[in-house]
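First comes the structure, then the notes that go with it.
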Amino acid sequence: MKIDLEARSQEKYGRPLAELDDSAICAMLEDIVREHAATMPLNEGKRRLYYLSAEFLIGRLLTNNLIELGVYDDVKAQLASAGHDLGAVEAREVEPSLGNGGLGRLAACFLDSIATLGLPGDGVGLNYHYGLFHQRFVDLQQAAEPDGWLDRQDWLVRDEKAYTVEFGGFSVKSRLYDIDVLGYVRTTKNRLRLFDLESVDDSLVPVNSIDFDKGELAKNLTLFLYPDDSDDAGRLLRVYQEYFMVSNAAQLILDEAMERGSNLHDLPDYAVVQINDTHPSMVIPELVRLLVDVHGFEFDEAVSVVRRMVAYTNHTILAEALEKWPLESLKTVSPRIAQIVIKLDELERAENGSDDAVAIVRDGESVQEAATGDQVELVLDRTPFYGEMGGQVGDTGIVGPARVTNTLHHEGGLVGHVAEVTDGAVSVGDRVTAVVDHGRRELIRRNHTATHLLDAALKKVLGDHVSQAGSLVAPDRLRFDFTHFEALSSEQLKAVEDLVNQQIFASKPVVTRVMGIDEAKAAGAVALFGEKYGDVVRVVSVGAEDQPFSRELCGGTHAANTAEIGLFKIISESSTGSNVRRIEAVTSKGALDYMADRLALVDAAAAALKCRVDEVPARVENLQAELRETSNKLKKALTGGSSDAISSAIEGAVELDGYKLVVAELQGLEAADLRNVWDTVHQKVAGPVACVVASVTEKGTPALLAAGSDDAVKAGFHAGNVIKQIAGLVDGRGGGRPNMAQAGGKNAVGIADALAAAKTALGA
């Protein structure tokens, strides 16, 4: 960017730069920056950050903007040449009264940082007309007067967006102003979005005082940052002001997310909300309210969506940061938000709260107390723990002084926490804190949702005859049994795996609803045959469509979005019985660990074969060919006429009545190779001959063969009878013709006894 201040001075004021005063130069520079900023595009991205803060202490913007545009030194030099000091010019700028101290400065620095990094994100707050106040002293006493900065500033730009905020008993309309936030030497920008009250009335504020009518809520919400809360009216005004801020922010967030293509079920993919201290914390119930009341979400899904898109910055010492207002005040400001806050509190307590120990079981008996080292089962009046049921394993975690290793469902809906007391003691009636191992729970949730996807994918690939026959949902793996009449081909397994991963990569919301059983059946929810269901059931759908990829009756825990599953990988497929197949699979961290193990094996194979990873298959194929060739050569050597072992056996042949008998144990030959041994014996021994030979195969099992020439058979040799007599000694069975018989077995240790028995039977 190039700036010619002399030319601009002549154009704007008709005078040379040297003749302008500091105020005129300041206004000219602000015009230049603002005009250039207006031409800069926004940092764009699918997901946008919204940084909500009660304060933005942005300070004077001229200097910062000149630095961001990379022209500060040039402007300073041009002014110096005309006899002006840039510092004196900067002092003429009005400072925005949008912040007070460290909290606001943190927010301002955050906005500057993300703009410089080129990240899409905006600050969202209120456009205070007077900020806090100007301090002055009258007769050695402090006095405060309003800081009316708005009439003297040049940075605010009116935005077309405006919203209605509903309070208890009345509503107000807002108007939106933007201040461009320029990153250092960036070609794009972000914004500070400041909401004002359409009906604000500055005349409520006296000229020399910050006192005003706090009851005129439709006129005063944006007058002051932190209005005096020393009385009830001031405290109530603070709650109204903060709700006005977050309601506008929440409506803006949803609006802009939908403009970028969100269906709101996938809102966390489009928006992230960062709460700066507790002042904007009501944005959480407000987002839930908008999703439920305006956009038709079920409460549980709305909570799940908001939970995945909101983060919190604790700037102040925690006790100071936790701003608290009476619940009755909130009921006055917004009865609906009060309802949601109460419901969220109940949900939090159910998930992670304090509960009463109502029973302790040790060694099968009810006891009143358990101490360190005791193995017990604890029953609470309520619990966030999921008890083992429907294939999903039970939760682990902490209950008071006990470490929970499993959670079980009992008759009557009781949940037992299998635990060991690790520190201190627990008694019936004690109030204890129950904390689930959330890391483990997260992995289980993902695997459970994956079983639903797998069930639906199997039906699509194999047919509607597929039905669940059992399952296991654990943190490290999942197992799914289903009805099918044959093993799945590699092509079918790949098709199933691809379908599941397509749903994962599509980032489908997992929608949970509670409805009547008839409504669930009408909606196409899959139920397990033989299971008993009540009149009201819980339905889990993967996808927000009218006809989602999967819809099942289920009481287990699930991922909030399929993207959380990460990756799905089938590791085995097998039979568990007649027409029942089993698939085992891994997801998320389990899938990554599985792939890492497999890659490590490939790397180890490549290192052992001294080749690249991509060369391993060809190298293995070559080695197999070489092994086959070597094996064939070895077998020829062992079974051919030049074999020392066979020659030695022939030399030891026994003369019987009418034929010679060769008996030998050979090594490393397969059953088929023994026939070659007989051929060699037959060729090398003149006249009638018979043999009984044995070997231990490569699998470690015994192989037996008996054979005789026609003359030996005529002389009384019967190969089949010999094998029948000796096969049992190697835990095998066999038989055959008089001239040739074979047997296999399980016990190679019995070979010596078998050969000795053959000699005895033949009279050798």
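Read-outs: derived from the displayed coordinates by stated rules, not from any lab. In this text, all values refer to a predicted model and were calculated from it rather than measured experimentally. Using ideal geometry, Cβ is built from the backbone for each residue, glycine included, and neighbour counts are taken over all protein chains shown.
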Any idea what % of Cα-Cα pairs in region 20-99 are farther than 17 Å?
-> 55 percent
Note the angle between two axes, namely the Cα long axis of helix 671-684 and the longest principal axis of the Cα atoms of the chain, as a number of degrees from 0 to 90, rounded to the nearest 10.
-> 30 degrees
Magnitude of the Cβ-charge dipole of the chain, K/R +1 and D/E -1, about the Cα centre, nearest 20 debye?
-> 3720 debye
Can you give the angle from 0 to 90° between the axis of helix 438-462 and the longest principal axis of the chain, with both taken from C-alpha atoms, to the nearest 10?
-> 60 degrees
Cα-based Rg and Dmax for region 80-237, in Å, come out at 18.1, 62
Sort 115-121, 140-146, 713-719 for me by packing, meaning the mean count of neighbouring Cβ atoms within 10 Å per residue, highest on top.
-> 713-719, 115-121, 140-146
Using per-residue counts of other Cβ atoms within 10 Å, averaged over each peptide, order 557-565, 618-626 from highest down.
-> 557-565, 618-626
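For region 506-583, what does the alpha-carbon gyration tensor say about shape, rounded, prolate or oblate, given a ≥ b ≥ c as the root eigenvalues, a/c under 1.5 as rounded, and a/b over b/c as prolate?
Numbers: a/c = 2.32, a/b = 1.18, b/c = 1.97.
It is oblate, given that a/c is not under 1.5 and a/b is not larger than b/c.
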Of all DSSP beta bridges with both partners in the chain, the antiparallel percent, nearest 5, is 75 percent
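Report the charge-dipole magnitude of region 643-762 in Debye, nearest 20, computed about the Cα centre from +1 at each Lys and Arg Cβ and -1 at each Asp and Glu Cβ.
360 debye
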By DSSP, what percent of the beta bridges with both residues in region 643-762 are antiparallel, rounded to the nearest 5?
-> 70 percent
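What Kirkwood hydrodynamic radius do you get for the chain when you take the inverse of the mean 1/r over all pairs of distinct Cα atoms, in Å?
Numbers: mean 1/r = 0.0293 Å⁻¹.
So the Kirkwood estimate lands at 34.1 Å.
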So what is the orientation-averaged projected area of region 278-422, using the convex hull of its C-alpha atoms, in nm²?
-> 12.1 nm²
Straight-line reach from K343: which lysines have Cα under 24 Å away, leaving out those fewer than 8 places along the same chain?
-> K324, K331
How large is log10 I(q)/I(0) at q = 0.14, 0.24 Å⁻¹ when the Debye formula is applied to the Cα atoms of region 163-259, each weighted equally and without solvent?
-> -0.61, -1.28
Pairing the Cα long axis of helix 232-259 with the longest principal axis of the chain, what angle in degrees results, from 0 to 90 and rounded to the nearest 10?
-> 50 degrees
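Hey, could you get me the Stokes-Einstein D for region 643-762, Kirkwood radius over alpha-carbon pairs, 4 °C and 1.567 mPa s, rounded to whole µm² s⁻¹? Display every interim value, and only then the final one.
Values: Rh = 13.7 Å.
The Stokes-Einstein estimate is 95 µm²/s.
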Which whole-number percentage describes the relative contact order of the chain, with Cα contacts under 8 Å and a sequence gap of 6 or more?
-> 6 percent
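Fewest Cβ neighbours within 10 Å first, please rank T449, T576, T278 accordingly.
Details: T449 30, T576 13, T278 18.
Ascending number of Cβ neighbours within 10 Å: T576, T278, T449.
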Considering the options F568, Y13, A402, tell which one lies farthest towards the positive end of the dipole of the chain, charges being +1 on Lys and Arg and -1 on Asp and Glu at the Cβ, about the Cα centre.
-> F568
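In deg cm²/dmol, rounded to 500, what helix-only [θ] at 222 nm does the chain give when every DSSP H run of at least 4 residues adds -39500 (n - 2.57) and the total is split over its residues? The partial results should precede the final answer.
On the way: 23 runs with 281 residues, N = 764.
Estimated from H runs of four or more residues: -11500 deg cm²/dmol.
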Which residues qualify? For Y51, with a placed amide H closer than 5 Å and at least 5 residues away or on another chain, they are D122, G123, V124, Q274
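Tell me, Y386, Y312 in order of fewest to most beta-carbon neighbours within 10 Å?
Working: Y386 22, Y312 14.
By the 10 Å Cβ count, ascending, the order reads Y312, Y386.
For region 216-320, just say rounded, prolate or oblate: build the C-alpha gyration tensor, square-root its eigenvalues into a ≥ b ≥ c, call rounded for a/c under 1.5, and beyond that prolate if a/b exceeds b/c, oblate if not. If you can, show how the numbers build up before the last one.
Working: a/c = 2.30, a/b = 1.71, b/c = 1.35.
Prolate.
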Please arrange W155, W325 by counting, for each residue, the other beta carbons lying within 10 Å of its beta carbon, fewest first.
-> W325, W155
Which of A761, P326, F167 sits farthest toward the positive end of the charge dipole of the chain, with +1 on the Cβ of Lys and Arg and -1 on the Cβ of Asp and Glu?
-> A761
Looking at the square roots a ≥ b ≥ c of the eigenvalues of the Cα gyration tensor of region 1-60, which shape do they give, rounded for a/c under 1.5, prolate if a/b is larger than b/c, or oblate?
-> oblate
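Strictly greater than 19 Å: what percent of every Cα pair in region 353-436 meets that? Kindly include the intermediate steps, with their values, before the conclusion.
Numbers: 877 of 3486 pairs.
Roughly 25 percent, rounded to a whole number.
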